[in-house]
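Here the structure comes first, spelled out in structure tokens, and everything after it is commentary.
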Amino acid sequence: MPGWVFWVALGWLLLLLALFVVWVTAPGFRHAFPHSYGHIPVEVPWFGAVGGCLVSFGGIFRYNRQWNPAYEYWHPVRPLIGMFTGGIACVLLLALLRAASGHNVGNDPSVYDAAAFVFGFAESAFRQLVKALTDVFVKPGGSSARGQAPPPPTAPPPPAPTLSGPPSP
């Protein structure tokens, strides 16, 4: 593994840690941002970026002796990808909760913060969420991929004859 990959990931982690410290200790900085983006808390992108940064470190530590050079581009941008996947997943989660409940849902920031971290960390889970929602909205009513309804179910086969005669009613 090239050493610069570790240093870039460490730089991201230190930047995110510095943002956290400034957010907590400097009310002027915190008040310069809106409290939320609609119903999504302002800190959601940060949680997604932290998830992306931590999964990057997991890959660095696990595969540093069996390094695949294709990931050299992945690690420097992974916190940014986590920021976007975490934020978008929260918007999708909000839409899903509203669609399932039929009314406005509660706005507990910790739910969105946790979801942003998880989907920032687990990129494959984000892709599965998008696929599941796409299947729900694009193919409503169980239609097939070509937009045609699936064939109706068939009747069960009649019972097999037995040596003792026909089945009793």
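Every number in this text was worked out from the coordinates using simple rules, so none of it is lab data. Just so we're clear, the structure is a prediction, and the values are computed from it rather than from any experiment. We place every Cβ from the backbone using ideal geometry, glycine too, and count neighbours over all the protein chains shown.
Pairing each residue of the range 50-67 that is in contact (Cβ under 8 Å) with a residue 60 or more places away in the chain and closer than 11 Å to Trp12 by Cα with any residue that is assigned to a loop (DSSP other than H, G, I, E, B) and not charged (D, E, K, R), provided the two are 6+ apart or on different chains, yields no C-beta distance under 6 Å.
All of (1) among the hydrophobic types (A, V, I, L, M, F, W, C); (2) without any contact (Cβ under 8 Å) to a residue 12 or more places away in the chain; (3) surrounded by 12 or more Cβ atoms within 10 Å (Cβ to Cβ) hold for Val24 with one exception: (3).
A Cβ distance below 8 Å, combined with a sequence gap of six or more or placement on separate chains, defines the contacts here; from the range 112-128, residues that are crowded, with 22+ Cβ neighbours inside 10 Å reach residues that are among the hydroxyl-bearing types (Ser, Thr, Tyr) in the pairs Phe119/Thr85; Gly120/Thr85; Phe126/Thr85. Could you tell me whether Phe84 is free of Cβ contacts under 8 Å to residues at least 40 places away in the same chain, farther than 20 Å from Phe126 by Cα and not basic (Lys, Arg)? Taking the combined requirement at face value, the residue does not satisfy it.
For the range 27-44, a tally of residues being in a helix (DSSP H, G or I) and either touching a residue at least 40 places away in the same chain (Cβ under 8 Å) or in contact with a helix residue (DSSP H, G or I) (Cβ under 9 Å, 6 or more places away or on another chain) (or both) returns 3.
The single residue among Val91, Val50 that is of a type in the set (A, V, I, L, M, F, W, C), within 18 Å of Phe121 (Cα to Cα) and in contact with a helix residue (DSSP H, G or I) (Cβ under 7 Å, 6 or more places away or on another chain) turns out to be Val50. Does the range 97-112 include one or more residues that are under 23 Å from Pro34 (Cβ atoms) and in contact with a strand residue (DSSP E or B) (Cβ under 6 Å, 6 or more places away or on another chain)? Within the range 97-112, one or more residues are under 23 Å from Pro34 (Cβ atoms) and in contact with a strand residue (DSSP E or B) (Cβ under 6 Å, 6 or more places away or on another chain).
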